[in-house]
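Asks: Pasting a structure here, questions to come.
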Amino acid sequence: MIRWMTALSALLLGASAATGAQTANPWPAGEGPSLIVYSGNIVTLDKNNDTVQALAVRDGKILAVGTDKEILRLKTNATKLVNLQGKTVIPGIIDSHNHPSSQGMKLFWADLSKPTSIAGIVEMIGAQVKRTQPGQWVRNSGIWNDTKLTDKRNPNRFDIDPVSPNNPVFLDRGHMAVINTEALRVLGITKDTPNPPGGTFEKDPKTGELTGRLYEKAIEPVRKHLPAATPQQLEASEIESLKEYAAAGVTSVRSAADSPAGMRAYIDLHNRDDLKLRVSVNILINPNMPAEDLEKMLADSPVSSGLGDDMLRVWGIKMIADGGSDLAYTRQHYVNRPDFFGQPGGTQENFTRAVRLCNKYGWRVGIHAVGDAAVDMVLNAFEAANQDSSIVGKRFAIEHGYVLHPEQMDRIKQLGLVMNMQTWHLYNLRRNFLHNYGREIADTSHNYQDLLRRGIPIAGGTDWTLEPSDNFKWMWVDITRKTIDGEAVDPTQALTREQALRFHTIWAAYNTFEENLKGTLEPGKLADMVVLSADYMHVPTDDIPKITPLVTIVGGTVVFKRDSSVIQ
Ligand SMILES: [Zn+2]
């Protein structure tokens with residue numbers, strides 16, 4: 001049975017649609033669908049999880065879905081027809097947490113996501129040094145994962161010094177970084193420099209020498225010293241990364257921790273019609289900044305949460321409450337480290353103050369919290385803000401939340417929070433979890449079904465640039481709970497195939513208040529969809545990671561095609 005955008009249905013078909021009479025093409029000259037895809041296996045993800053054969057697009061939105069016969073009679077001479085030849089189409093993937101402004105900086109900086117060993121990293125840095133004037137900073141874009149390097153450790157300054165005698169080098173991994181000897185010299189950091197609060201200049205325990213590895217707040221002075229990316233670099237980086245997302249079947253991203261300059265670059269791209277994917281932006285702030293400065297910034301800001309349009313929207317403010325899996329702020333000390341509980345990103349007082357101010361000025365807040373103690377701190381801050389003015393219904397969010405205790409989930413539900421979660425953590429960081437938190441805690445990570453049973457919204461994402469946008473691999477982990485070592489972590493928490501797809505589409509749309517606009521293929525919604533190489537709902541489970549996007553469509557416009565087999 002054909003389903004229409006309701007207003008158009010009444011307007012154009014009148015009584016004939018209601019009686020089901022077959023009319024000829026109903027369009028006035030020059031009007032009608034711009035695109036019809038037909039003879040497909042179109043997974044709509046509507047509330048009945050219906051599959052349809054065909055779909056018509058007009059003005060960037062889905063006009064109607066139904067059988068080939070019903071939809072093809074809407075065509076005009078101007079309609080582009082695409083015979084899907086039985087191929088599967090799903091709603092465009094919505095990635096709820098990622099970092100596009102920095103992801104594309106590999107155009108300018110060394111992409112360290114590629115090397116598989118420290119020697120490979122050193123070689124890449126050496127090549128970058130050769131392309132750089134002496135004295136200029138050499139940096140990275142993509143991020144290495146020490147557990148995946150053959151050396152099973154992070155590089156140090158002694159590794160990179162031989163290839164970088166005259167250039168300061170800064171290799172950023174987010175919560176840790178590595179700098180070379182020249183950078184230490186430029187920055188005036190010596191082994192006598194005290195650690196800043198909340199940060200560490202790592203020293204070799206035997207020699208007492210600086211290793212060049214920096215942790216958390218010790219990275220900030222270096223970042224401040226670096227020349228800022230130019231607007232042209234930011235735009236080029238954003239264009240490049242959005243291209244990569246399109247190839248991964250993604251039609252909407254949420255930049256989880258951007259800068260005002262990164263936002264500016266998106267605005268410029270959008271004004272020039274060069275923004276091809278839909279973007280929601282989170283602006284990163286430091287909750288430890290002086291309250292007067294933060295209040296002035298928020299009060300003076302000409303924008304706040306929700307402003308924007310279907311292509312570009314302000315999501316809110318991002319803060320960071322602890323480190324990654326090796327620095328997560330935890331209630332229990334780390335295994336075999338009785339004095340180590342990870343690293344909080346600030347005091348409870350500062351987080352509470354900052355969240356209350358954001359709430360006061362109409363900003364939604366999403367906070368990175370990995371360890372359970374960090375989640376406690378975030379919940380305390382959110383509850384304090386909720387006392388001033390209810391945040392329920394404003395969809396504040398916790399980013400990551402690897403391990404959540406039942407009473408924390410109850411508080412999350414009470415506050416109406418969204419959980420932005422990334423399944424690759426379950427897969428790739430399993431060894432870190434076991435090593436740092438022990439099996440009992442590690443086995444309760446990413447308890448999706450416990451969250452869903454409580455009615456807590458979860459939204460899937462990749463955290464790219466940390467991990468690539470292998471969405472079908474992560475859906476396979478959602479379904480199997482398998483880790484990098486092949487074991488399945490508490491399979492009772494597994495998502496069904498349909499749930500895994502919703503997690504990366506309609507549930508992620510909820511995170512940006514856009515569940516009525518996208519995330520399913522229903523009349524009236526944005527025409528964002530992906531044609532796949534295989535039938536996601538029916539291929540053998542272990543074939544799911546092999547599924548590749550063939551065509552990605554945003555608002556009825558093709559933004560990616562693997563080849564010309566589906567669409568010319
Ligand atoms: Zn992130």
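Asks: So, in nm, how far is label Glu220 from label Asp268 when the simple model puts each one 7 Å beyond its Cα toward the Cβ?
Replies: Calculated label separation equals 2.8 nm.
Asks: Would you order His97, His405 from fewest to most other beta-carbon atoms within 10 Å of each residue's own beta-carbon?
Replies: His405, His97
Asks: At Asn380 and Asp485, where each label point lies 7 Å from the Cα along Cα→Cβ, what is the point-to-point distance in nanometres?
Replies: 3.4
Asks: P(r) of the chain in 20 Å steps, Cα pairs, percent per bin?
Replies: 20, 52, 24, 3, 0
Asks: If we count trypsin sites (Lys or Arg not before Pro) as exposed when they sit in a DSSP loop and have at most 16 other beta carbons within 10 Å, what is the longest stretch of the chain that avoids them all?
Replies: Longest gap between qualifying sites, sites excluded: 332-453.
Asks: Please label the shape of region 199-307 as rounded, prolate or oblate, based on the square roots a ≥ b ≥ c of the eigenvalues of the alpha-carbon gyration tensor (a/c under 1.5 means rounded; beyond that, a/b larger than b/c means prolate, else oblate). It would help to have the intermediate numbers written out before the result.
Replies: Details: a/c = 2.56, a/b = 1.50, b/c = 1.71.
The shape class here is oblate.
Asks: Gap in Å between the Cα centre of region 228-296 and the Cα centre of region 327-353?
Replies: For region 327-353 versus region 228-296, the Cα centre distance is 29 Å.
Asks: Could you compute the net charge surrounding Pro194? Neighbours are other residues with a C-beta less than 15 Å from the C-beta of Pro194; K and R count +1, D and E count -1.
Replies: Every neighbour counted, the sum reads -1.
Asks: If you don't mind, another one. Could you work out how far apart the two model spin labels at Trp27 and Asn195 are, taking each label as a point 7 Å from the Cα in the direction of the beta carbon, and quote it in nm?
Replies: Result: 6.6 nm between the two label points.
Asks: Then there is this: Provide the net charge surrounding Val57, with neighbours chosen by a C-beta distance below 12 Å and charges set as Lys +1, Arg +1, Asp -1, Glu -1.
Replies: Working: positive: Arg58, Lys61, Lys75, Lys80, Lys525; negative: Asp59, Asp528.
Net local charge, Val57 excluded: +3.
Asks: Let me spell out the model: positive unit charges on the Cβ of Lys and Arg, negative unit charges on the Cβ of Asp and Glu, origin at the Cα centre of region 417-568. What dipole size does that give, in debye rounded to 20?
Replies: Charge dipole of region 417-568: 80 debye, to the nearest 20.
Asks: Let me ask another. Pairs of Cα atoms under 8 Å, at least six residues apart: use those to get the relative contact order of region 55-140, whole percent.
Replies: Averaging sequence separation for qualifying contacts and normalising by length gives 18 percent for region 55-140.
Asks: Right, here's the next one. Could you tell me which GluC sites (Glu not before Pro) in region 471-546 are loop residues by DSSP with no more than 15 other beta carbons within 10 angstrom of their beta carbon? Mind showing how you got there, number by number?
Replies: Details: sites: Glu487, Glu498, Glu514, Glu515; in loops: Glu487, Glu514, Glu515.
Here the GluC sites (Glu not before Pro) that fit, given the DSSP loop and packing criteria, are Glu487.
Asks: Among residues other than Glu399 whose Cβ falls under 15 Å from its Cβ, what is the net charge (Lys/Arg +1, Asp/Glu -1)? Can you show the working numbers first?
Replies: On the way: positive: Arg254, Lys318, Arg364, Arg395; negative: Asp95, Asp258, Asp322, Asp372, Asp463, Glu467.
So the surrounding residues net to -2.
Asks: Just round it to a whole percent: the fraction of Cα-Cα distances in region 85-231 exceeding 23 Å.
Replies: Above the 23 Å cut-off, region 85-231 has 38 percent of its Cα pairs.
Readers should treat all values here as calculations from the given coordinates under stated rules, not as data from a laboratory. What you see is a predicted model; the values in this text were computed from it and never measured. When we count neighbours, we look across all protein chains shown, and the Cβ atoms used for this are built from the backbone with ideal geometry, even at glycine.
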